[in-house]
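Below is one structure; the comments refer to it alone.
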Amino acid sequence: MDALFNFSRACLFLTFAAFAVGKMVGFKSFRSHVCNTVSAAPGHASLIAGVVIIIELLACGCLLRSSTAAAGFGILAGTLVVFTAYLGRLLARGRAESCGCGGDSDSPVTVWHITRNVTLFCLSMVGLLASFGSHATSFDAQDWMRIPLTLLVAGPAYFLDRLIVFFGRELV
């Protein structure tokens with residue numbers, strides 16, 4: 001269970017740290033996206049965008065310590081449920097709207113975005129369940145050797161928008 005616990009921690013930390021940094025760097029674009037896609041947002045777009053970033057950073061901070069990792073997994077699981085429902089709503093509209101996942105992304109939402117979120121949700125649930133039985137206190141040498149594997153999960157999760165644009169409509 002320790003391997004699943006640390007693998008989930010590393011994958012989710014890398015993915016959501018990259019999402020949060022992308023949103024901070026492209027904050028103006030992300031705020032505009034929130035304003036355009038969230039009906040309650042026009043007057044509160046900056047607040048909503050800021051809260052999303054804070055939640056992602058809070059979850060990442062929790063994942064850094066074994067003792068608080070369960071909270072981080074729980075925060076991310078809840079966030080992913082809400083955000084997946086949001087993506088489903090954007091997809092159901094039938095308009096080519098961006099999810100704004102990386103901050104300044106303009107790639108339209110596809111089923112692949114929902115699939116990514118469901119996969120990340122499952123990973124957060126695996127981590128949460130593993131955290132209840134885990135006695136891991138830190139990363140060991142074997143966990144550090146798994147980092148390339150975590151990059152194979154976190155990289156495509158973060159760069160999904162760019163991959164869709166790169167491969168074109170074949171992925172849609």
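The values are calculated or read from the model by the stated rules, or taken from the named source; none is laboratory data. Here the structure is a predicted model, which is why all the values come from computation and not from measurement. All Cβ positions, even for glycine, are placed from backbone atoms using ideal geometry, and neighbour counts span all protein chains on display.
As a summary of the residue check, Val51 satisfies the conditions (1) closer than 20 Å to Phe7 by Cα; (2) under 17 Å from the mean Cα position of the chain (by Cα) except for the one numbered (1). Scanning the range 49-87 for residues that are modelled with pLDDT under 90 and surrounded by fewer than 17 Cβ atoms within 10 Å (Cβ to Cβ) yields Leu64, Arg65, Ser67, Tyr86. Checking each residue in the range 33-47 for being buried (at least 17 other Cβ atoms within 10 Å of the Cβ) and more than 23 Å from Val118 (Cβ to Cβ) picks out Ala41, Ala45.
Scanning the range 1-12 for residues that are under 16 Å from the mean Cα position of the chain (by Cα) and either modelled with pLDDT under 90 or on the phi > 0 side of the Ramachandran plot (or both) gives Phe7, Ser8, Arg9, Ala10, Cys11. The residues on offer are Ser39, Ser67, and the sole one that is assigned to a loop (DSSP other than H, G, I, E, B), over 14 Å from the mean Cα position of the chain (by Cα) and polar (S, T, N, Q) is Ser39. Among the residues of the range 88-97, is any hydrophobic (A, V, I, L, M, F, W, C) and modelled with pLDDT under 80? Yes. In the range 52-79, what count of residues is obtained for those that are over 23 Å from Val118 (Cβ atoms) and among the β-branched types (Val, Ile, Thr)? Going through the range 52-79 one residue at a time, the tally reaches 2.
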